[in-house]
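Nothing in this text is a laboratory measurement; each read-out follows from the coordinates by a stated rule. Source: prediction; values computed, not measured. Note that each Cβ is placed from the backbone with ideal geometry, even for glycine, and that neighbours are counted across all protein chains shown.
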Amino acid sequence: MYGLKPERYDAGDFNDHPVSLCGKTFHACVSGALYWPAERALIVSDLHLEKGSSFARRGQLLPPYDTKATLLRLAEAIDRWQPETVVALGDSLHDGNGADRIGAEDYDTLRMLQDEREWIWVTGNHDPVISKRLGGHVVPAISVEGITFRHEPSSGRVSHEIGGHYHPAAKVSMHGHTFRRPCFVGNGLRLVMPAFGTFCGGLNVLDEAFEPLFGNDGMAIWLMGQEGLYPIATRLLRED
Amino acid sequence: MRIVPRLRKAGECVIGGSGMSRRVKPDGESRSRPAVPSRLLLPPRFAQWFDTRGWAPREHQLALLAKAQSGRSTLLIAPTGAGKTLAGFLPSLVKLAEANRPRQGAGLHTLYISPLKALTTDIARNLETPIGEMRLPIKTETRTGDTSAARRARQREKPPHILLTTPEQVALMLSHPDAPYLFADLDTLILDELHALAASKRGDLLALDVARLRTFAPQLLSIGLSATVARPSELRAYLQAQPSGQDRIVLADLVVAKGGAKPKIEILELETPTPWSGHLARYAIPSIYEAIGRHKLSLVFVNTRMQAELVFRELWGVNEDSLPIALHHGSLDQMQRRKVEAAMAAGKLRAVVCTSTLDLGIDWGDVDLVIHVGAPKGASRLAQRIGRANHRLDEPSQALLVPSNRFEVLECRAAMDAAYAGEQDVALNRTGALDVLAQHVMGMACQAPFDPAELYREVVSALPYAGLTRALFDRAVDFVATGGYALKTYDRFAKLREMPDGKLRVAHPRFVQQYRLNAGTIVESPMIKVRLARRRRPSAPGSAGAGAVMGGRVLGELEEYFIEQLKPGDTFAFAGEVLRFEGMRETEAFVSRANVDDPMVPSYAGGKFPLSTHLAQRVRNMLADTSSWKLLPTPVCEWLTLQQEKSVIPGPAEVLVETFPRSMRHYLVAYPFEGRLAHQTLGMLLTRRLERMKARPLGFVANDYGLAVWGLGDLSHMIESGRLDLAHLFEEDMLGDDLEAWLDESLLMKRTFRHVAVIAGLIERRHPGREKSGRQVTMSTDLIYDVLRRYDPEHVLLEAARADAATGLLDIGRLGDFLRRIRGRIRHQSLPRVSPLAIPILLEIGIEPVAGSAREDLLREAAAELVAEASSRSGETNADGDVRAQAGKIRRRRLQ
């Protein structure tokens, strides 16, 4: 039985965390976005816009509000950090026709967000081509100040790289309660970002897919809660 | 579903117990023959058969035959062992024996539907006897999920005369284009164990399917078979097509076979006092063992699988005579269960420890004693279980109730009184679920294009949907077609399309396939196979299962959420053994036998029922009536007397609320006796309110009888000084905004939504090889739930989920009744210390974690643990303090 424990820690203590990568300092946010103060850049990965309608196309009529929800959350992050550059780190659209399915209202929201700031679409496996309709620059990868941003993390033990693709999630068990939430996972040399998209599930960081990226050196996990981002000891992690 | 006041009384026929026919021993003792003329209904071939068996047809069997022959749908109420099944089939056998009926369709004559697969097989076997011995030209077959695809296809083309099946199979058969041909000749429908089916989503689906069967075979005769229920009129109405737009309900006829001898029920009383709390009844094990020793075959019923495991282990712990005692519950492997059942039938066992898996009427041997460990939680459940020891109607069944704590003594006593009074408490009154309706609409579309107006008329003829408005029906159809969203963007992806004549058809054959794979209303929480691993090496935490561990046999299945809280090395009791969790390997949990006596036995839920409303009333009355206490065991009587001295005993209509300080905390304990689910909901809501009233609550705990909230504020003082008004605290309006706000965040609500989304067809079920893990399904429905709540709060699935929560997990309906009932009847008692009555509830603290609260808090704790870990590694001592700074240190350590 747990008390409600109002004392001790404040939710505000956990809102975002400085994360350092090869000497550069970033802020990992509870929203799942990453902010780079030195470059005034906001990075989000795996938006998977129009995932709902992509499923609907195949007969599973998921709610059509995911694009709207994702863009509104992105707008909040942009409001908070006022970045000069936004990098969408691949799989921004759930499928190749996604751009055409974005509704008028959501489209206007996106264009509004792009106003007065540089917008970079890094391509991903779900969106190797990005429609011109969506504006911005389209690149397969981008390097800034020695840090490379690419959708799919390169295999092997590379450094100076920030990627997405894997939708990392961590599962934690404590006192008989189990949580499974998206997370940032890194080792100081590279970082894999959680999926920002509203309808994105996650892949357990203990899955073998992560092994080539981090080997056995261990990794640091920042788990996204409802109210905060929590650093979690790796020994608390559970497999699915 | 409201039963409209003006009930039309159709012919009732109640048969007295006095003229009960009895089975005659082969040596030819006197044979009582019922003197009813309906015996004449029995063709000579059947009369002879009864004679050669040495039987006389029972009166209710003949009465039901007479009803059927005059074409009247009928409900037969009969206790276990009264020849209910034969009664149900007799009309069909007689009709089919005369044969040569003109055929219009495939020739299927009788459809028998039971809630259990096992029951269909069992009944099919039993039918072989009369059919074989009378050489009747009747073919019977079963059809379940286990029947091969080829055989199922053949059955649709060339069905037997009598088909025994489950509700899910009926839904599937009805979704095929050939359904009109298959069911054109259907004459009789037999719904077995109707009391167990009707009041559930499966019952809703079945009612809709029966409505469709009536469309194909308008003269269809329905026979319902049921154990005793409090209000048979609801089951009788379920069997009939309800006329639309009329303010009345049509009932089927009724035949009641009165039970035989009254059961002999005892409550176990021992020198050692009953424990204060807990559910394990360890104290009573030697007495239970003794009782088993005195009888031929005992069934030991418990309420949860955990209890079953524990009682089983404890019994073997004292089993000096090595009596064959077995274990039977829903998580065990099929093979193992079948083995136990076979051994029971063969008379090789002396006792079986079991859960509700043995509730329903399969005959597995001559049980002469039913032991019930823990309170039975409902009078009907007790009656049903006692009935298992009642194979001969004229002999009294023996039952022993073993309360596991003091409150349960009261409850056992109440259940016993109710059983003697023949009272039952099955509540059927329900409104058909919208998710089930959506599934049915899709199924009907798979069968053939439909006209919505026609389908609506058919749907409202099913009792649970009799009150469904056309508008709500249309919303369900819209949901099936395009998702039913306020934002209409999916028209181009519609699953149902309108044809020129206004009918709706399925847009693509793949949706038909999708429907067939996902039909049914049973959404199990994802189960994990538990497999015995041959232990090669001591496994290292986290790496177990990854190496070359050899897989042994499967012991059974456990809920995923239970498995996922284990870490390698944890021990738990399962399948009658203490097992050590080795790790997960793909979708299976590998375990080894542990050489320890005491497992960590974490509980896994399963068949945990809340106290029924009916019994709760009896318990309250018993508590208020001090003169009845002398019937209770001495320690319990003393306990209540002490309560009377130290605090107060509430009147039958009152609710007692006590407040007292205890070790730096202030407690508020209330005793509504409304069942655990309603109390948990109440606890959540009270905590929220107290927080707003600045009473600084810290947590709460609930059991079946009451709940305790504790906090930092001096509650007694707040009440006495008028700062806290109890009437206001327990005001019914807490079910408004507070509930909404809490519900929206509640895990229970998310789980409920997941079930609704699967049943309605929004989310596909898991199929082998198609989804990686059940967890992913949970994740995605949670995400969908959050999005819908925010952007489409009126969506039909949210409505369905809220309706489910109100009746199911949260028991809001019952809580609402309670709050209305106690208005102006709150009896507050301010005490210097904990009261005797409060002790069992306070002892629950630490046993039952409250779901849904404080999750975020736990995460903070996890982060703090990381801090503590870091501190100890680096030799720092400040485990508290500035978390951020310390977390930063850890990161640096990890990152550099």
Seminar exercise, completed: In degrees rounded to 10, the 0-90 angle between helix A:66-81 Cα long axis and the longest Cα principal axis of chain A is 70
For this session: Find how many whole Å separate the alpha carbon centroid of the range B:150-184 from the alpha carbon centroid of the range B:426-491.
Result: 23
Problem set entry | Filtered GluC sites (Glu not before Pro), the range A:91-175: DSSP coil and at most 16 other beta carbons within 10 Å | A:116, A:145
For this session: Could you work out the mean count of beta carbons from other protein chains within 10 Å of each residue's beta carbon in A:49-62?
Result: 5
For this session: Give a quick list of trypsin sites (Lys or Arg not before Pro) in the range B:61-105 that DSSP marks as loop, anything other than H, G, I, E or B, with at most 12 other Cβ atoms within 10 Å.
Result: B:103
Exercise. What order do you get for B:316, A:36, B:629 when you list them from fewest to most C-beta neighbours inside 10 Å?
Worked result: B:316, B:629, A:36
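For the residues B:337, B:430, B:754, A:58, what sequence is obtained by ranking on other C-beta atoms within 10 Å, fewest first?
Working: B:337 21, B:430 18, B:754 24, A:58 11.
Final ranking by Cβ density, sparse to dense: A:58, B:430, B:337, B:754.
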Exercise. Where nothing but the Cβ of Lys and Arg (+1) and of Asp and Glu (-1) is charged, how large is the charge dipole of the range A:6-141 around its Cα centre, in debye to the nearest 20?
Worked result: 380
Exercise. What is the fewest-to-most order of B:76, B:819 by other Cβ atoms lying within 10 Å of their Cβ?
Worked result: B:819, B:76
For this session: Past 32 Å, Cα to Cα, is the threshold; run B:158/B:529; B:95/B:348; B:84/B:750; B:201/B:503 against it and keep the listed order.
Result: B:158/B:529; B:95/B:348; B:84/B:750
Problem set entry | Cβ neighbours within 10 Å from other chains - mean over A:64-75 | 3
Seminar exercise, completed: If one builds a Gaussian network model of chain A from Cα atoms under 10 Å apart, the most fluctuating residue listed among A:103, A:163, A:59 is A:59
Exercise. From the backbone phi of the range A:108-121, what are the Karplus-calculated ³J(HN,Hα) couplings (6.51 cos²θ - 1.76 cosθ + 1.60, θ = phi - 60°) in whole Hz, Gly and Pro given as x?
Worked result: 4, 4, 4, 5, 5, 5, 7, 4, 6, 8, 7, 10, 10, 9
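Please sort by residue number the trypsin sites (Lys or Arg not before Pro) in the range B:458-532 whose DSSP state is loop and whose Cβ has at most 15 other Cβ atoms within 10 Å.
Sparse-neighbourhood loop trypsin sites (Lys or Arg not before Pro): B:488.
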For this session: Taking the Cα centre of the range B:264-420 as origin, sum charge times position over the Cβ atoms of Lys and Arg (+1) and Asp and Glu (-1), and report the length of that vector in debye to the nearest 20.
Result: 380
Problem set entry | Furthest towards positive pole of dipole, B:46, B:73, B:62, structure part the range B:12-257, Cβ charges | B:46
Problem set entry | Segments B:193-204, B:47-58 sorted - mean Cβ within 10 Å per residue, highest first | B:193-204, B:47-58
Exercise. Averaged across the residues of B:705-714, what count of C-beta atoms belonging to other chains lies within 10 Å of each residue's C-beta?
Worked result: 1
